[in-house]
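Structure first, commentary second.
None of the figures in this text is laboratory data; all of them are computed from the coordinates on show. Source: prediction; values computed, not measured. Note: ideal-geometry Cβ built from the backbone for every residue, glycine included; neighbour counts use all protein chains shown.
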Amino acid sequence: MKCPFCGFDDSKVTDSRPSDEKIRRRRECMKCKGRFTTYEVVEIPLLMVEKRDGTYETFDRSKLIKGIFTAIKKRPVTIGQVSEIADYIENYYANQLKTVAPSREIGEIVLEKLREIDPVSYIRFASVYKDFTDIKSFVAAISEFEQGGNL
């Protein structure tokens, strides 16, 4: 880390503490003894979503949350639970160092998480995600849910 006062390349960390979603570090220049503060943040790779039609778009957390909120409307699912689902998806791909996620895979993860939280929200999300076109599709999905299977 270059000293902002003299430009020397070496400094030592005198104090380190978390600050919001960053780490605040107090440094001291080894040459001029000047003190300065730096902030360290984790760089999250840009996640691209591969859509069903083969096109790509950047992952949009708010779009995911909006889709989940549509499914949980008037259901006993908290904002915290929805945020946990979005966090899980972001962390899942970041931890695997993947930069491309198929929308199908993201949908499956959301379904898996909603299945654990609320059956009605699960069916609602599945109806849009799986593009149910008739009553038979709904009945089949509910039957599979009751038997513990996947859609």
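Observations on the model:
- Value at 222 nm in deg cm²/dmol, rounded to 500, when DSSP H runs of n ≥ 4 in the chain each add -39,500 (n - 2.57): -14000 deg cm²/dmol
- Evaluated with a Cβ-only charge set (Lys, Arg +1; Asp, Glu -1), the chain carries a dipole of roughly 760 debye about its Cα centre, given to the nearest 20.
- Normalised by the number of residues in the chain, the average gap of Cα pairs under 8 Å and 6 or more apart makes the relative contact order 15 percent.
- Size of the range 1-75 from its Cα atoms: along the principal axes, largest to smallest, the extents are 60, 33, 14 Å.
- Ranked CYS29, CYS6, criterion: other C-beta atoms within 10 Å, fewest first: CYS6, CYS29
- Lys/Arg +1, Asp/Glu -1 at C-beta; the chain dipole; positive extreme among GLN81, SER143, PHE36: PHE36
- The alpha-carbon of LYS73 sits under 27 angstrom from the alpha-carbons of these lysines, leaving out residues fewer than 8 places away in its chain: LYS51, LYS63, LYS113, LYS130, LYS136.
- Computed from label points 7 Å out along Cα-Cβ, the spacing between TYR92 and GLU105 is 0.9 nm.
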